[in-house]
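Note sheet for the following structure.
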Amino acid sequence: MTTVQRGTLMGAVYAEAGAGTVRMEDVFDTDVDDLWAAVTQPERLARWVGTVEGDLRPGGRFTAAFTSRWEGPGRVEVCEAPHHLLVTLEQGSSDETRVEAWLTADGERTRLVVEERGLPLDRAPDHGAGWQVHVEDLGAYLEGRATSTWHDRWVELQSDYRPAGA
């Protein structure tokens, strides 16, 4: 397992059932309803992670184009406002992964935990760096700051998520 901690942000990459998992956790200075809107409303998603279009209700299908350059289809599996979201990306393909988010009130702040599961083990560290950039950009957006140049920040973080000697 590889872990990265910066302030309240905690990132981890590990193997689970023969596949890679990325777990990203941070606390934001906003209430759970505002953070839920930021992670589920297309107009707000576009400000920090990318464009999402389609049916965003449980069972609905959507397409997305992330700032990380990932593009593809997805399906909403669970959408329990304002605490739990589960989507499947690239459903039915060899690249299928599941992304799950949990939001929990933490006083006047909100804790967000995001996991992406089902990754090829050799690509999981790159996804760890990528999710960290996305979560940092979410924080910047919520604070009214400019988001990163995604690729440049991702390159900076890649070595943090690779085991020593890899």
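No lab work stands behind these numbers, since they all come straight from the coordinates. Note that the structure is predicted; figures quoted are calculated from it, not measured. Cβ: placed from backbone, ideal geometry, glycine included. Neighbour counts: every protein chain shown.
For the chain, the membrane-span-like helices by this rule, meaning whole DSSP H stretches whose C-alpha atoms cover at least 20 Å of axis and whose Kyte-Doolittle mean is -0.5 or above, are 124-142; this says nothing about an actual membrane. Placing unit charges on the Cβ atoms only, positive for Lys and Arg and negative for Asp and Glu, gives the chain a dipole magnitude near 240 debye about its Cα centre.
Estimated from helices alone, the mean residue ellipticity of the chain at 222 nm is -7000 deg cm²/dmol (sum of -39500 (n - 2.57) over DSSP H runs with n ≥ 4, per residue). Between residue 91 and residue 16, the modelled label-to-label distance comes to 2.0 nm, taking each label 7 Å out from Cα in the direction of the beta carbon.
Here the peptides 19-25, 151-157 are ranked by packing, the mean other Cβ count within 10 Å, and the order with the highest first is 19-25, 151-157. Could you point to the label whose value was computed as volume of the Cα convex hull per residue in Å³ for the structure here, given (1) 119; (2) 109; (3) 129? Among (1) 119; (2) 109; (3) 129, the one calculated here is (2). Take the Cα of residue 84, step 7 Å toward its Cβ, do the same at residue 156, and the gap between the two points is 3.6 nm.
Give a quick list of trypsin sites (Lys or Arg not before Pro) in the stretch 58-132 that DSSP marks as loop, anything other than H, G, I, E or B, with at most 15 other Cβ atoms within 10 Å.
Listed in order of number, the matching sites are 69, 123.
At an R0 of 30 angstrom, the distance between the Cβ atoms of residue 4 and residue 145 translates into a FRET efficiency of 0.90. So, in Å, what gap is there between the alpha-carbon centers of the stretch 1-57 and the stretch 74-136? Comparing the Cα centres of the stretch 1-57 and the stretch 74-136, I get a distance of 6 Å. The label point for residue 121 and the one for residue 37, both projected 7 Å from the Cα toward the Cβ, are 4.4 nm apart. Taking 137, 106, 95 as the candidate residues, the one with maximal mean-square fluctuation in a Gaussian network model of the chain, Cα springs under 10 Å, is 95.
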